[in-house]
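Below is one structure. I have some questions about it.
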Amino acid sequence: MQSRYSLKLGKPFGIRVSVHWTFSLLIAWIVIISIGRGLEPVQILMHVLFIFALFFCVVLHELGHSLAAIKLGGNVESITLLPIGGMANLSKMPEKPRDEFIVSAAGPLVNIAIALVLWIYLFYIRQLDVATMEFETITRGNFLLLLMAANLFIVVFNLIPAFPMDGGRLFRSALSIRMSRLKATQIAKDIGQVFAIIFIIAGLFFNPFLVIIGFFILLGAKGEYEMIKYQDVLRNYTVKDIISTEYSELDIDDTLEKAADKLVKISDNGFVIRSGGKYAGILTKNDLINGLNSHGKQARVKDILNDKVESVECNKPLFEVYTEMQRNRQYILPVIEKEEFLGVLDLENLHEFFLIRKATQTTA
């Protein structure tokens, strides 16, 4: 999720935690349902507080995944709270079956630990008598008991083998022991999509959030499977295998009008900018269009040129660069080695390279 749509809550263990604006829809839904049931303001407040407490447990769940991933060599950038739960943004995920199993199991284990602590407190310290309790609404008396039950529900629900949920990842890690990760992902994806359809159908009759979860599983499974296919094909290639030395150029003193006229005649994602014959930067199509809107067609390329565009070295693994370009929405990057400009890496060319290599592998 884009950070502009999220409110930053903090940065525990160096991991940015934020809540997406759609989380407010869940709170609004809880309030509306509670009002419809004729609950008092204090009772409505207890329901809202319960949601906040539950999602605090969800944050701990995601931190469990994240810290386990970091310990095993992964890289976690952020955790975002959504109405359907939490989502950890792992830019690098451990690939070994054993490591993936540990990372996937870490989240549910956190919820089990929370439930265990609450159980010890409620039944051994507080000595709660469940038989005398009422459960029509959330009250101060049953708040922690229901929170304990909710954590156990999170564990059970997450262990459903619906990839990319935790259970699906555990299932894939088990399959990966005896087959390729790509094949294991395909099987886990197919099974996950069956569960997704079941969730969508059940959600139409019982709970609309199941519909959202179902679509999340469908899209998430497909997206990750596509990523694994790219990883499988690009694994043994580096940037130097796809450097483009034929590209469109502009001079730093050219007008945006000239750039715009040239833009419609090229198929690249941007221009290489020269100054005195030397490399000066990259001007993307989006930068040019934004520059025309804000500066007008008589402005110069140098007026809008971003000379701090991130570059890439030719020996960097191609799949690693691909994931970074996808995540950062970069469509063209300069390839620079020892301060020497060698060419560009264009995302469209990378896609074509993948398709060619994939077709070659299939027919080999």
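The values are calculated or read from the model by the stated rules, or taken from the named source; none is laboratory data. Computed from a predicted structure; not experimentally measured. Because the Cβ atoms are built from the backbone with ideal geometry, glycine has one as well, and the counts that use them run over all protein chains shown.
So, in the stretch 284-302, how many residues would count as being under 15 Å from residue 329 (Cβ atoms) and not polar (S, T, N, Q)?
3
For residue 77, are the conditions met, namely being under 30 Å from residue 180 (Cβ atoms) and outside any loop (DSSP other than H, G, I, E, B)?
yes
May I ask you to say which residue of 100, 95 is surrounded by 21 or more Cβ atoms within 10 Å (Cβ to Cβ) and under 16 Å from residue 176 (Cβ atoms)?
Step by step, each of 100, 95 is checked, and only 100 is surrounded by 21 or more Cβ atoms within 10 Å (Cβ to Cβ) and under 16 Å from residue 176 (Cβ atoms).
To keep it simple, each residue is scored yes or no on (1) in contact with a helix residue (DSSP H, G or I) (Cβ under 7 Å, 6 or more places away or on another chain); (2) without any contact (Cβ under 8 Å) to a residue 60 or more places away in the chain.
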residue: 56; (1), (2): no, yes
residue: 80; (1), (2): no, no
residue: 97; (1), (2): yes, no
residue: 109; (1), (2): yes, yes
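Checking residue 224 against (1) within 19 Å of residue 96 (Cβ to Cβ); (2) modelled with pLDDT of 90 or more: exactly one of these is not met. Which one?
(2) is the only condition that residue 224 fails.
Looking only at the stretch 321-340, which residues are under 26 Å from the mean Cα position of the chain (by Cα) and buried (at least 16 other Cβ atoms within 10 Å of the Cβ)?
321, 322, 323, 325, 330, 331, 332, 333, 334
While we're on this one: Determine, yes or no, whether residue 113 is assigned to a helix (DSSP H, G or I), of a type in the set (A, V, I, L, M) and under 27 Å from residue 179 (Cβ atoms).
Spelling it out, it is not the case that residue 113 is assigned to a helix (DSSP H, G or I), of a type in the set (A, V, I, L, M) and under 27 Å from residue 179 (Cβ atoms).
Which residue out of 174, 150, 162, 196 is touching a Pro at 6+ places or on another chain (Cβ under 8 Å), among the aliphatic types (A, V, I, L, M) and assigned by TED's automatic domain parsing to the domain that holds residue 111?
Selected residue: 174, the only one of 174, 150, 162, 196 that is touching a Pro at 6+ places or on another chain (Cβ under 8 Å), among the aliphatic types (A, V, I, L, M) and assigned by TED's automatic domain parsing to the domain that holds residue 111.
Looking for something surrounded by 15 or more Cβ atoms within 10 Å (Cβ to Cβ), among the aliphatic types (A, V, I, L, M), within 26 Å of the chain's Cα centre (by Cα) and part of a loop (DSSP other than H, G, I, E, B) - is there at least one such residue anywhere in the stretch 131-138?
No, the stretch 131-138 has no match at all.
Among the numbered criteria (1) farther than 30 Å from residue 232 by Cα; (2) of a type outside the set (Phe, Trp, Tyr); (3) in a helix (DSSP H, G or I), which one does residue 355 miss?
Of the numbered conditions (1) farther than 30 Å from residue 232 by Cα; (2) of a type outside the set (Phe, Trp, Tyr); (3) in a helix (DSSP H, G or I), the odd one out for residue 355 is (1).
A further question follows. Identify the single condition in (1) without any contact (Cβ under 8 Å) to a residue 40 or more places away in the chain; (2) over 23 Å from residue 76 (Cβ atoms) that residue 347 does not satisfy, given that it satisfies every other one.
(1)
In this structure, is residue 48 within 23 Å of residue 142 (Cα to Cα) and in contact with a Gly (Cβ under 7 Å, 6 or more places away or on another chain)?
The answer is no for residue 48.
May I pose another question? From the list 253, 268, which residue is touching a residue at least 40 places away in the same chain (Cβ under 8 Å) and surrounded by 17 or more Cβ atoms within 10 Å (Cβ to Cβ)?
268
Go through the stretch 268-308 and report how many residues are touching a Ser or Thr at 6+ places or on another chain (Cβ under 9 Å) and of a type in the set (Gly, Ala, Ser).
Of the residues in that region, 3 qualify.
Could I ask something else about it? Could you go through the stretch 204-218 and let me know if any residue there is without any contact (Cβ under 8 Å) to a residue 12 or more places away in the chain, within 30 Å of residue 324 (Cβ to Cβ) and not aliphatic (A, V, I, L, M).
no
Can you tell me which residue in the stretch 31-80 is nearest to the chain's Cα centre (by Cα), limited to those that are among the small types (Gly, Ala, Ser) and within 22 Å of residue 167 (Cα to Cα)?
Ranking the qualifying residues of the stretch 31-80, first place goes to 78.
Further question: Just name the residue that is surrounded by the most Cβ atoms within 10 Å (Cβ to Cβ) out of those in the stretch 4-28 that are outside any strand (DSSP E or B) and free of Cβ contacts under 8 Å to residues at least 40 places away in the same chain.
Among those residues, the one meeting the criterion is 27.
Take residue 300 and tell me if it is over 24 Å from the mean Cα position of the chain (by Cα), in contact (Cβ under 8 Å) with a residue 12 or more places away in the chain, surrounded by 14 or more Cβ atoms within 10 Å (Cβ to Cβ) and closer than 21 Å to residue 286 by Cβ.
The answer is yes for residue 300.
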